[in-house]
Structure formats: structure tokens, C-alpha cells
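The values are calculated or read from the model by the stated rules, or taken from the named source; none is laboratory data. Note that the structure is a prediction, hence the values are computed from the model and not measured. Using ideal geometry, Cβ is built from the backbone for each residue, glycine included, and neighbour counts are taken over all protein chains shown. Quick note on the areas: whole protein, heavy atoms, side chains included, nothing else; ligands and nucleic acids left out. Shrake-Rupley method; radii C 1.70, N 1.55, O 1.52, S 1.80 Å.
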Amino acid sequence: MKLFVKLAVAVSLCTASITVFAQQYPSKPIRLVIPFPPAGATDVLGRALGQKLSESLGQAVVIENRPGAGSTIGAEQVANAPADGYTLLLASGSICISANLYKKLPFEPAKSFAPISLVGHVPHMLVANPTIPAGSVKDLITLAKAKPGEINVASQGNGTLSHMELELFKQAAGVELTHVPYKGSSNAMTDLLAGNVSMLFDSVTSSLPMVRKGQLKALGVVSPKRLAFAPDIPTLTEAGVPGFDAANWFALLAPAGTSREIVQVLNTHVARALESAELRQRLAAQGAVLESSTPEALAALIRDDLDRWAKVVKQAGIKLE
């Protein structure tokens with residue numbers, strides 16, 4: 001009985017100390033690791049969020065770009081950091097793709113991190129060169145079935161989200177398209193505009209201005225619903241590929257083992273930051289749709305994405321070293 005009382009007291013004191021720590025948190029600057037180069041969609045989103053969090057938390061949020069290996073370099077750094085709430089990761093859905101493509105990752109997306117909150121997503125869209133004789137996704141599917149393998153589709157590189165979206169589209173629509181990987185978005189876009197390839201899954205941010213100028217045509221957006229700033233473009237599901245879901249999401253993660261109290265503090269401040277009309281207006285220009293979540297909902301999203309891409313990779317027979 002005495003042992004039970006001592007254990008109960010110890011647990012109570014431990015819980016109280018954690019709560020007090022969380023109330024004092026943060027007491028020094030927070031490092032936000034962005035696993036992509038400066039000036040990209042993730043960097044723009046991360047810097048805007050970091051500024052708002054700094055204002056809300058009363059401590060500086062220092063941005064650190066750690067690009068490379070499909071975001072795995074930055075992710076590994078955060079996974080191995082102390083679980084004290086002072087090193088965070090702005091992750092994207094690519095972390096779940098990498099986990100299914102590379103055999104030996106130094107972390108596990110569902111186990112190596114403490115989910116904090118979804119931040120939002122930057123939708124992709126399927127765009128085509130105006131010369132392709134398909135004005136809709138249904139036209140494209142009909143054309144692809146009549147000419148299997150003859151339509152060339154660019155991607156930003158093997159294993160990128162645009163590549164995975166292409167493979168998912170092929171599987172969902174039951175068509176054969178030829179994948180042409182490039183090193184980055186700009187090279188792929190250059191050849192698409194020149195007509196050297198017919199289509200590309202690309203971010204709304206870079207593609208929509210060209211659609212509005214008539215240089216490209218939009219066949220559908222990769223989003224659960226139509227975008228408020230482009231309501232005339234149907235979703236892929238509406239356009240003829242039921243259940244097509246490949247959201248380009250972004251989320252805030254901490255190292256596994258971070259206390260629930262600190263996670264909740266950060267979750268509350270992320271939600272508060274994303275309610276800012278100024279932030280929403282600024283990021284809308286980048287095509288970002290802001291959305292917070294509970295840590296539990298984010299954990300479920302990560303698990304679902306891991307399962308989704310595992311099936312796509314297996315069926316497509318994709319192997320990367």
C-alpha cells in the first residue's frame with residue numbers, strides 16, 4: 001500500500017512539473033526546420049506561419065532550410081532533436097511518399113514525430129498543352145484508351161508528388177500514359193509550354209497564371225472541393241476520376257516524445273495563427289488553402305497517406321534506391 005502511495009505521489013509530481021513547464025513554454029527561440037529550399041511553396045508558407053507564431057508565442061521562430069533527399073534530410077534532423085518543443089518540422093505529404101519509396105529511411109513518419117497540427121495544403125492541378133485534343137478529363141481518358149502509351153506526361157522527377165499523382169491517375173482511370181521525369185518543376189513546365197510533353201500535375205501557384213493567359217488548359221484540380229479562387233475548374237473527382245485524392249498537405253511536427261502539454265500549446269497557437277485574415281490573404285496569392293486540425297486528426301492523415309502511397313507504389317512497381 002505504501003509503495004502504491006509513493007508511486008501515486010511520484011506520478012502526481014511528474015505531471016505537475018510537466019504542466020508548469022508547459023505554462024512557461026516557450027522560454028527561448030524555436031527553430032522551425034523547412035526541408036526544402038528557400039522561395040518554394042513550403043518555404044513561403046513556413047516563413048509566414050513562423051512570423052505569426054512568433055507574434056503569438058512571444059518568442060522568435062527561427063527558420064532553418066534543410067533541403068535534400070525529398071525532404072528526408074530536414075525530417076531526420078528534427079526526428080533526432082530533443083523532444084522539448086524547441087525544434088519543429090514543417091512537413092509535407094512527401095514524407096509519406098519517401099517512406100514508401102526508400103528502403104532505409106532514418107525515421108518513420110508515423111512513429112518518429114509528435115503530430116501538432118495540419119497547416120493547410122497547396123493544391124495541384126492537371127494542366128495540358130493547348131494542342132492536345134482533349135478539353136476535359138473524360139476526353140483525355142477516351143484519347144488515352146484509344147492511344148495507349150502515346151501521351152507523354154511530365155513530372156518534377158521520379159518519386160515526387162507530381163509523379164505519384166500521375167501513377168494514381170493512371171490506376172484510377174485505367175489508362176496507360178508515358179511518364180517523362182524532369183529535374184524540377186521549371187524544366188518540366190518549359191517542355192510542357194513548348195509542346196514536347198502533353199500534360200503535367202503541377203501546383204496551382206505556378207500553373208494557374210498560365211491557364212488564365214491561355215498558355216495552358218486546366219483539366220482538373222487535385223482537391224476535395226473546387227477552389228474559391230478558381231471555381232470554374234472542376235476537381236478530378238468531378239471531372240471523371242471518382243475518389244481521386246492526393247492532397248499536397250503541410251503540417252507541423254515535433255520529435256516523438258514531446259509532451260502533450262507542449263503539443264497542445266503549439267496546436268492552439270497554430271489554430272490562432274491560421275485564423276488571421278492577413279495571413280490567409282497573403283497565402284491565398286500562393287494558392288494555399290489554410291486549415292488547422294487536432295493532433296489526432298493529423299496522425300490519422302499521415303497513416304492514411306502512408307497506406308495510399310504504399311498501394312500506388314506497389315501497383316506501379318516503382319523502385320528507387
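Some values worked out for this structure:
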{"item": "Val175 being in contact with a Lys or Arg (Cβ under 8 Å, 6 or more places away or on another chain) and at pLDDT 95 or above", "result": "yes"}
{"item": "Region 237-273 - residue that is part of a loop (DSSP other than H, G, I, E, B) and open to solvent by less than 20 Å² (accessible area, probe 1.4 Å) and, of those, nearest to Phe113 (Cα to Cα)", "result": "Thr258"}
{"item": "Filter result for Glu261 (out of contact with any strand residue (DSSP E or B) (no Cβ under 8 Å at 6 or more places or on another chain), among the charged types (D, E, K, R) and modelled with pLDDT under 95)", "result": "no"}
{"item": "Region 116-136: number of residues that are out of contact with any Ser or Thr (no Cβ under 6 Å at 6 or more places or on another chain) and open to solvent by 10 Å² or more (accessible area, probe 1.4 Å)", "result": "6"}
{"item": "Identity of the residue in region 274-298, hydrophobic (A, V, I, L, M, F, W, C) and either within 12 Å of Leu45 (Cα to Cα) or in contact with a Cys (Cβ under 9 Å, 6 or more places away or on another chain) (or both), that ends up surrounded by the most Cβ atoms within 10 Å (Cβ to Cβ)", "result": "Ala288"}
{"item": "Tally, over region 103-120, of residues that are in contact with a helix residue (DSSP H, G or I) (Cβ under 8 Å, 6 or more places away or on another chain) and either more than 25 Å from Leu45 (Cα to Cα) or in a loop (DSSP other than H, G, I, E, B) (or both)", "result": "7"}
{"item": "Tally of residues being under 16 Å from the mean Cα position of the chain (by Cα) and polar (S, T, N, Q) across region 269-321", "result": "3"}
{"item": "Pairs, first within 13 Å of Gly287 (Cβ to Cβ) in region 206-217, second open to solvent by 60 Å² or more (accessible area, probe 1.4 Å) and at pLDDT below 95, C-beta under 9 Å, six or more apart", "result": "Ser206/Ser186; Leu208/Phe229"}
{"item": "Pairs where the first residue, in region 141-162, is closer than 21 Å to Lys103 by Cα and the second is in a helix (DSSP H, G or I), C-beta under 7 Å, 6+ apart", "result": "Gly157/His163; Gly159/Gly70; Gly159/Ile97; Gly159/Leu101; Leu161/Ser94; Leu161/Ile97"}
{"item": "Number of positions in region 264-292 that are over 15 Å from Gln51 (Cβ atoms) and in contact with a strand residue (DSSP E or B) (Cβ under 8 Å, 6 or more places away or on another chain)", "result": "7"}
{"item": "Answer residue from region 95-118, given it is in contact with a Leu (Cβ under 7 Å, 6 or more places away or on another chain) and among the β-branched types (Val, Ile, Thr) and is modelled with the lowest pLDDT among those", "result": "Ile97"}
{"item": "Cross-chain or 6+ apart pairs with Cβ under 7 Å, region 168-187 first and of a type in the set (S, T, N, Q), then open to solvent by less than 30 Å² (accessible area, probe 1.4 Å)", "result": "Gln171/Val312; Thr178/Gly149; Thr178/Ile151; Thr178/Val153; Ser185/Asp202"}
{"item": "Residue satisfying condition, being over 17 Å from Val122 (Cα atoms) and among the small types (Gly, Ala, Ser), within set Ala284, Ala271, Ala246, Ala230", "result": "Ala271"}
{"item": "Some residue of region 283-295 being at pLDDT 95 or above and in contact with a Ser or Thr (Cβ under 6 Å, 6 or more places away or on another chain)", "result": "yes"}
